[in-house]
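The values are calculated or read from the model by the stated rules, or taken from the named source; none is laboratory data. Model, not experiment: these values are computed from the prediction. We place every Cβ from the backbone using ideal geometry, glycine too, and count neighbours over all the protein chains shown. Accessible surface is based on the protein model in full, side chains and every heavy atom, while ligands, DNA and RNA are left aside. Shrake-Rupley method; radii C 1.70, N 1.55, O 1.52, S 1.80 Å.
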Amino acid sequence: MAKLSLTAMLNRCFRYSFSKAGLRSSTMDLGDGTVMHVWVPKVHIKPKPTLILIHGIGANAMWQWNDFVSPLMSRFNVYVPDLLFFGDSYTSRPERSEQFQAQCVMRVMEAHGVTVMNVVGISYGGFVGYSLAAQFKERVEKLVLCCAGVCLEDKDMEEGMLQVKSVDEAVSILLPQTPQKMRELMKISFYKPRKGVPTCFLNDFIREMCSEHLQERKELIQALHKDRKLSSLPKITQPTLLIWGEHDQIFPLELGHRLARHLGDNAKLVMIKNAGHAINVEKPKVLHKHFKYFLIDTFRPMEPGNHSNGCKTD
């Protein structure tokens, strides 16, 4: 008799939720050993702008964007890709950089007839979103980065800015293979971590969401940290909103200030109080409010000299 999986049941619920919101599942072979899965509108309405939601390391895209798809669909043609080695996306090619991820996202968007877009990326998805904006300047109109340590330098780990002391330690927590490591991940991801989560559920989640493509995901994290320097980070020109949890322990708030200084006057930093790294889970309504203001209302750049201070919001 097959073992009942709560994680698999939730995954089916998320699929139903995405479909009910007006999206359909689409898997496309890009022709070079790369297959990309993306949730696309059942009907693409041309007068609406297009919005791409890019997930971070963890479960597939549905788990990270379920609270946002339905309210955003009224204003946007929403596309939600699974990045390579998550969900149903994969490649036989050796590239593991965020630049290659971005190229694959753009290729699948072009295949769906989308050439101009707004982009929201959370955590690792923010690295990919930033690369999209850097590589495809004329196609990305506005960019939102949520807790994305794009301006991370390899020396930051050595100097103690991060909770982990090595890339291997980061891999062991970000790709948990035991309930103990899953609890460590929850502890540094949330401002108020959920307590008392049964070990059986953690094991179930690890088995369903954290076991596939494990080696490739390790290589994604390793590539992210390798030889990373702020001086090598392209300075994008699109209007950019940076949203950070006040108590982010994975990519500390200082990285948000650093990125705001790097980008200059066209970037705005917003700090969300009483939130950690997983702001999409802890503060979805606040996050959606900022998406709406920035993406729908006219962008108003901050006054020169004030961009690194940002603003606070409950």
Give me the net charge of Gly245's neighbourhood, meaning all other residues with Cβ under 11 Å from the Cβ of Gly245; Lys, Arg count +1, Asp, Glu -1.
-> -1
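What relative contact order, as a whole-number percentage, does the chain give when Cα pairs under 8 Å and 6 or more residues apart are counted?
Values: 571 pairs, mean separation 51.2, N = 314.
Rounded, it is 16 percent for the chain.
Classify the chain: rounded, prolate or oblate, from the alpha-carbon gyration tensor (a ≥ b ≥ c, eigenvalue square roots; a/c under 1.5 rounded; otherwise prolate if a/b is larger than b/c)? Kindly include the intermediate steps, with their values, before the conclusion.
On the way: a/c = 1.33, a/b = 1.08, b/c = 1.23.
Rounded is the answer for the chain, as its axis ratio a/c remains below 1.5.
Roll a 1.4 angstrom probe over the protein heavy atoms and tell me the percent of accessible area of region 46-136 that is carbon or sulfur. All intermediate terms of the calculation are to be shown ahead of the outcome.
Working: 1280 of 2610 Å².
Carbon and sulfur: 49 percent of the exposed surface of region 46-136.
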Three-way shape label, region 31-83, alpha-carbon gyration tensor, a/c 1.5 | oblate
Work out the FRET efficiency for Gln135 and Ser5 from their Cβ-Cβ distance, taking R0 = 51 Å, and round it to the nearest 0.05.
-> 0.85
CD proxy, 222 nm, the chain: helix-only mean residue ellipticity via -39,500 (n - 2.57) per DSSP H run with n ≥ 4, per residue, nearest 500, stands at -12500 deg cm²/dmol
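What is the Cα radius of gyration of region 142-299 over 2.2 N^0.38 Å, N being its residue count?
Working: Rg = 16.7 Å, N = 158, 2.2 N^0.38 = 15.1 Å.
Its radius of gyration relative to the 2.2 N^0.38 Å reference: 1.11.
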What whole-number value in Å² describes the accessible area per residue of region 75-220 for a 1.4 Å probe?
-> 42
Residues in region 65-90 near a label at Ser26, defined as backbone nitrogen under 14 Å from the 7 Å Cα→Cβ point?
-> 77-82
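For the pairs Lys226/Lys289; Lys42/Lys285; Lys187/Lys289; Lys42/Lys268; Lys137/Lys268, flag any whose C-alpha to C-alpha distance is greater than 30 Å. Could the numbers behind the result be given before it?
Working: Lys226/Lys289 35 Å; Lys42/Lys285 25 Å; Lys187/Lys289 26 Å; Lys42/Lys268 33 Å; Lys137/Lys268 19 Å.
Violating the 30 Å Cα-Cα cut-off are Lys226/Lys289; Lys42/Lys268.
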What relative contact order, as a whole-number percentage, does region 91-161 give when Cα pairs under 8 Å and 6 or more residues apart are counted?
-> 30
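Is the C-alpha gyration tensor of region 1-147 telling us rounded, prolate or oblate? Criteria: a/c under 1.5 is rounded; beyond that, a/b larger than b/c is prolate, otherwise oblate.
Numbers: a/c = 1.58, a/b = 1.19, b/c = 1.32.
Here region 1-147 falls in the oblate category.
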Considering only protein heavy atoms and a 1.4 Å probe, what is the carbon-and-sulfur percentage of the accessible area of region 182-266?
-> 53
Any chance you could check the Cα centroid distance between region 45-90 and region 156-208 for me, in angstrom?
-> 24
Which whole-Hz ³J(HN,Hα) couplings does region 31-40 yield from phi under the Karplus relation 6.51 cos²θ - 1.76 cosθ + 1.60, θ = phi - 60°, glycine and proline marked x?
-> x, 10, x, 10, 10, 10, 9, 8, 7, 10
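Would you mind calculating the gained length between Val116 and Cys200 on full extension (0.36 nm times residue separation, minus the Cα-Cα distance), in nm to one decimal? Before the final figure, lay out each step's value.
Numbers: separation 84, 0.36 × 84 = 30.24 nm, distance 4.44 nm.
Full extension of this stretch gives 25.8 nm more.
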Enumerate the calculated ³J(HN,Hα) couplings along region 118-131 in order (Karplus 6.51 cos²θ - 1.76 cosθ + 1.60, θ = phi - 60°), each rounded to whole Hz, writing x wherever the residue is Gly or Pro.
-> 9, 10, 10, x, 10, 6, 4, x, x, 4, 5, x, 4, 5
Return the distance in nm (one decimal) between the two label points of a simple spin-label model at Val43 and Gln222, each offset 7 Å from Cα along Cα→Cβ.
-> 4.9
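How long is the gain from Glu169 to Tyr16 if the chain were fully straight, where each residue apart is worth 0.36 nm and the alpha carbon distance is subtracted? Don't skip to the answer; put the middle values down first.
On the way: separation 153, 0.36 × 153 = 55.08 nm, distance 3.60 nm.
Roughly 51.5 nm would be gained on extension.
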Pull up the cross-link candidates among the aspartates and glutamates for Lys142, meaning alpha carbon to alpha carbon under 12 Å and not fewer than 8 places away within one chain.
-> Asp297
Between Asn274 and Ser232, what is the label-to-label distance in nm when each label sits 7 Å out along the Cα-to-Cβ direction?
-> 4.1
